[in-house]
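Heads up: the structure comes next, in structure tokens.
The values are calculated or read from the model by the stated rules, or taken from the named source; none is laboratory data. Being a predicted model, the structure only gives us computed values, none of them experimental. Don't worry about glycine lacking a Cβ; one is built from the backbone with ideal geometry, like all the others, and counts go over all protein chains shown. Heads up: the accessible areas ignore ligands, DNA and RNA and are worked out on the full protein's heavy atoms, side chains in. Shrake-Rupley method; radii C 1.70, N 1.55, O 1.52, S 1.80 Å.
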Amino acid sequence: MKTIFNLKNVDPMEQPLFLGKDLGVQRYDKIKYPVFKTLTKKQKEAFWTPEEMSLSKDRADYNTLTDNEKFIFTSNLKYQTMLDSVICRGVPTLLDYVTNSELEACLITWMFFEQIHSESYSYVIQNVYADSSELFDGIYEDKEILKRAKVAIEDYDNLRGMACDGYSKNGIKKQIYMTVISINILEAIRFYVSFICSFAFGENKKMVGAADIIKLIKRDEALHLTTTQEILKIFHTVESEGFMKTASDCREAAIEMFESAAREEKAWASYLFKDGSILG
């Protein structure tokens, strides 16, 4: 049975990232994997809030966009809002299994920044659109977004469902690995087209405030991507972590997940540009 605070004094240098003994005192003097402490520090140094960006021009800009440009901008904003809602709750699914203090701190900080991202999208929506509820409700009515949401949440839901007793350690280990792969894919691929569109609007001197916010979000996501890459490196190279066989067994499934995500991004681009691109 897991406990929120282990009353036994466990040497943090002997514990794996996941599925070791329950965590006790949060201590950062004995660090097994310094990279996660460094990533936590970099995230904190990059702190920002959406209100720092002026959106005074964006609402006026939006009213001058063509119907096609409005469709592209609004569809991406809906999709970005959905994805950050997913990852903000997706990262904590790993925390139930983390047994390393510096990784725990890194993931908690990461989750905090994802919440800033979600607030940022709301900030844009409230400042650009006359009725913010219409856009938020529209997320649930967009079949393309819901289709992508079902794929994005699958591994998080599977891991969350394993939090109760009854699952083998190998089964949980495999799902932890696939969930980290899923997060890696989300950070590396699933924002690709939407971010490019946001930057294209900015380069065209339209929706510049929103583009500036997306630049900050992208900077954060680069750190989050590095976090998943570092976890995966450890899984693949540190035998004592106990994930090397799991990584080997899941190799083909992981490759297919990446290829599938790339196909989904191409399909999303086709959906966005069905009536023409931003450039006409």
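Restricted to segment 8-55, and to residues that are more than 16 Å from Thr99 (Cβ to Cβ) and of a type in the set (Val, Ile, Thr), which residue is surrounded by the fewest Cβ atoms within 10 Å (Cβ to Cβ)?
Thr49
A quick yes/no check of all residues on (1) among the aromatic types (Phe, Trp, Tyr); (2) at negative phi:
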residue	(1), (2)
Lys169	no, yes
Tyr177	yes, yes
Glu187	no, yes
Arg190	no, yes
Gly202	no, yes
Lys205	no, no
Asp249	no, yes
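Do any helices (runs of 4 or more DSSP H) entirely within segment 130-248 hold 2 or more residues that are more than 30 Å from Arg59 (Cβ to Cβ) and over 21 Å from the mean Cα position of the chain (by Cα), and if so, which?
Result: 169-185, 208-237.
Considering only residues that are closer than 16 Å to Arg251 by Cα and of a type in the set (Ser, Thr, Tyr), look in segment 163-197 and name the one that is surrounded by the most Cβ atoms within 10 Å (Cβ to Cβ).
Looking at the filtered set, the residue picked out is Ser182.
Search segment 138-162 for residues being within 16 Å of Val91 (Cα to Cα) and out of contact with any Ser or Thr (no Cβ under 8 Å at 6 or more places or on another chain), and hand back the single one that is surrounded by the fewest Cβ atoms within 10 Å (Cβ to Cβ).
Gly161
Considering every residue within segment 15-37, establish whether at least one is more than 30 Å from Lys174 (Cα to Cα) and part of a helix (DSSP H, G or I).
No, because not a single residue in segment 15-37 is more than 30 Å from Lys174 (Cα to Cα) and part of a helix (DSSP H, G or I).
When residues of segment 198-229 are filtered for being open to solvent by less than 10 Å² (accessible area, probe 1.4 Å) and polar (S, T, N, Q), how many remain?
2
Any idea which of Asn63, Asn68 is farther than 21 Å from Lys233 by Cβ, touching a Gly at 6+ places or on another chain (Cβ under 6 Å) and either open to solvent by less than 50 Å² (accessible area, probe 1.4 Å) or not in a loop (DSSP other than H, G, I, E, B) (or both)?
Unique residue meeting the criteria: Asn68.
Please work out if Thr109 is buried (at least 18 other Cβ atoms within 10 Å of the Cβ), in contact with a Phe, Trp or Tyr (Cβ under 8 Å, 6 or more places away or on another chain) and farther than 15 Å from Lys206 by Cα.
no
Say whether the condition of being outside any loop (DSSP other than H, G, I, E, B) and either modelled with pLDDT under 95 or within 13 Å of the chain's Cα centre (by Cα) (or both) is met by at least one residue in segment 100-107.
Within segment 100-107, one or more residues are outside any loop (DSSP other than H, G, I, E, B) and either modelled with pLDDT under 95 or within 13 Å of the chain's Cα centre (by Cα) (or both).
Which of the residues that make up segment 254-280 are more than 19 Å from Gln229 (Cα to Cα), aliphatic (A, V, I, L, M) and surrounded by 13 or more Cβ atoms within 10 Å (Cβ to Cβ)?
Ala267, Ala269, Leu272, Ile278 - these are the residues of segment 254-280 that are more than 19 Å from Gln229 (Cα to Cα), aliphatic (A, V, I, L, M) and surrounded by 13 or more Cβ atoms within 10 Å (Cβ to Cβ).
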